[in-house]
Each structure stands twice: as structure tokens, then as C-alpha cells.
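This report concerns only the one structure given below.
What follows is calculated from the coordinates using simple rules that are stated; it is not laboratory data. Predicted model only: the values in this text are computed from it and were never measured. Using ideal geometry, Cβ is built from the backbone for each residue, glycine included, and neighbour counts are taken over all protein chains shown.
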Amino acid sequence: MALRTFLVDDNLTFLTAVCGFLAQLPEVDVIGQSTRGVDALEQIEQCKPDVVLLDLALPDVNGIDVGLTLSFWKQPPHIIILSMHDSAGYVAMAEKLGALAFVNKADFVSELPVLLGLLATRPPRETCK
């Protein structure tokens, strides 16, 4: 079964590139995308993805706040932060919110297939809250 994946990024060019790249991976099914944090939360709640690829810099709510909101849901999706802002502080915030990984946008082609491949082989997530 393919990983139901949702993308959140305000850069439409990058969003299109990532969608095209992920479409080549048989273990991934992109089920939605958003360019804004508030819209993303609403859509994620409706479509219930397995994993969310989340940018930090969004025009309305930052990605850390979106990730924190998701982490408190009864059955939260896995979160992978995908950002060009890879300072130690951002990486630490991603770890605090429980993100599975922090991937620099420049490295998404080499790192995402590995991460998503590993995630696809895991058993379904248990409810822990």
C-alpha cells in the first residue's frame, strides 16, 4: 500500500517539482497539497495522510506551528520538514515537534526516497494519545 502523502509549501515551482518527483516513486501517493498552513490543516484533517512534507516558511502560519498542531492530533501523520532553512535551531525545533526528519530542499532528490521507502515498510502507526 502506498504512503498517502500531503505536501505543504508556498513555492509553487518547488511544489510542482516535488509532486513530479514523488509521482515516480511507487511507494508514494500524493493525495493533496497546500500553499498555506491554515488551509493545509483543514485539508490534512479531511484526507488523513500517512505523512506530511512540510515547509517552514509559509505565508500565514509557520511550519513549526502547523507541525505542533498536527502532533497533538489523536492520530497524527508522520512529519518530514522540507526546508531551505536548515540552521541548528530549526532542526532542533523539528525534533521537538516529533518530525521524522529534516530535509534540506537542495537534498530532497537523494533523501526523500530513502526516508519514504523506510516509512512505507513500517507497520501502521498506533494511536498513542
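Tabulated values for the structure
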quantity	calculated
Per DSSP, loop chymotrypsin sites (Phe, Trp or Tyr not before Pro) in region 73-112 with at most 16 further Cβ within 10 Å	73
Burial ordering of 4, 122, fewest other beta-carbon atoms within 10 Å first	122, 4
Sorted by Cβ density within 10 Å, fewest first, the residues 74, 105	74, 105
Amide H within-cut-off set for residue 82, under 5 Å, with H built and near neighbours excluded	54, 55, 56, 103
About the Cα centre, charge dipole magnitude for region 3-110 (Lys/Arg +1, Asp/Glu -1 at Cβ), debye	160
Stretchable slack from residue 65 to residue 36, in nm (0.36 nm times residue separation minus alpha-carbon distance)	9.2 nm
Extent along principal axes [Cα atoms of the chain; Å; largest to smallest]	34, 33, 27
Pair residue 120, residue 23: separation of 7 Å Cα→Cβ label points (nm)	1.7
Rough spin-label spacing in nm, given labels placed 7 Å along Cα→Cβ, for residue 84 and residue 110	1.9
